[in-house]
1. Tell me the residue from LYS112, LYS143 that is in contact (Cβ under 8 Å) with a residue 12 or more places away in the chain, open to solvent by 40 Å² or more (accessible area, probe 1.4 Å) and within 16 Å of the ligand (Cβ to nearest atom), please.
2. Among residues belonging to region 186-197 that are more than 9 Å from the ligand (Cβ to nearest atom) and closer than 15 Å to MET122 by Cα, point out the one that is surrounded by the fewest Cβ atoms within 10 Å (Cβ to Cβ).
3. Among the hydroxyl-bearing types (Ser, Thr, Tyr) and either over 20 Å from ILE224 (Cα atoms) or at pLDDT below 95 (or both): which single residue out of SER166, SER121, SER89 fits that description?
4. Hey, PRO200 hits all of (1) open to solvent by 40 Å² or more (accessible area, probe 1.4 Å); (2) in a helix (DSSP H, G or I); (3) under 22 Å from ARG139 (Cα atoms); (4) within 13 Å of the ligand (Cβ to nearest atom) but one; which does it fall short on?
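The values are calculated or read from the model by the stated rules, or taken from the named source; none is laboratory data. Given the structure is predicted, the values throughout are model-derived calculations rather than measurements. Ideal geometry is used to build each Cβ from the backbone, glycine not excepted, and the neighbour counts take in all protein chains shown. For the accessible areas, the whole protein counts, side chains as well, though only heavy atoms, and no ligand, DNA or RNA atoms are used. Shrake-Rupley method; radii C 1.70, N 1.55, O 1.52, S 1.80 Å.
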Amino acid sequence: MRLRRALFVCTLVLVMPLIGLAQSTAPELDKVEANPDEKMVVMSEKPASVKAESTIVAAPLELARKDATYASAYHDVYHILSAPNPCSSFFGGPSTAVEVLNTLFGQLETSKLSDTRTGLSMFGQTRSISNARTGANYRMFQKAVINTSGPFYQRKFWPADPFVPSVGSFQPNTREARASILLHELGHLLQGADGRWLLPNDGASDEQSRKNTITIEERCGEQIKTLRRRRADANTVAPQKGSGAEVPQ
Ligand SMILES: [Zn+2]
């Protein structure tokens, strides 16, 4: 019965609220491994003959949606992961990391969730994906939703605005925060060489979520910090303040 409930893997609850600690919105996390409906998808068929291609990094997606913040965040993380560096190495190298990023963005949605502490939630049934060409082993959840009222898009600006937490050491609604949120989620999707997820499930634990974000900053902090010096595309400038007009539908 409990297995049928939603699996909130990551709510990116990064700042412990003063009240309402009992209202953990992310139950059932440790049930992921026992999901009876998990499906296996094998993506590649000729591993031996295309070994040289394993280093080829997929091209950036042509994002259909016209949300500049969303697109900018994608391109920032693509920029980080498509190059050899400690961050992309943590995710198995540029080829694997970009593959998982692109697969995630192929299904990513945005929606207004009630908890402004949540950056992005992944939940529902999982499917396992194995790409023999790249050697990538990862999973995808039935749903992956960016919270339009959380730190990906918002920060507290007016006194009446709800509290929105920082993402690790980065202020909410910044390029660095958005990149951290996305990289954090990728850590829940990819397995390491030991077969474990790069980041432990944390949907039921605020503390584990914070630890996972710390891990991301340890591995990717230098690359994330370079984003502030990276020129955004003319049409992908992210908003820097407020909680108003930039929010997508
Ligand atoms: Zn998480």
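1. Testing whether each residue is in contact (Cβ under 8 Å) with a residue 12 or more places away in the chain, open to solvent by 40 Å² or more (accessible area, probe 1.4 Å) and within 16 Å of the ligand (Cβ to nearest atom) leaves just LYS143.
2. Ranking the qualifying residues of region 186-197, first place goes to TRP197.
3. Unique residue meeting the criteria: SER121.
4. The failed condition is (2).
Residue by residue, here is whether (1) more than 11 Å from the ligand (Cβ to nearest atom); (2) closer than 22 Å to SER149 by Cβ holds:
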residue: THR174; (1), (2): yes, yes
residue: ALA177; (1), (2): yes, yes
residue: HIS184; (1), (2): no, yes
residue: GLN208; (1), (2): no, no
residue: GLU222; (1), (2): yes, no
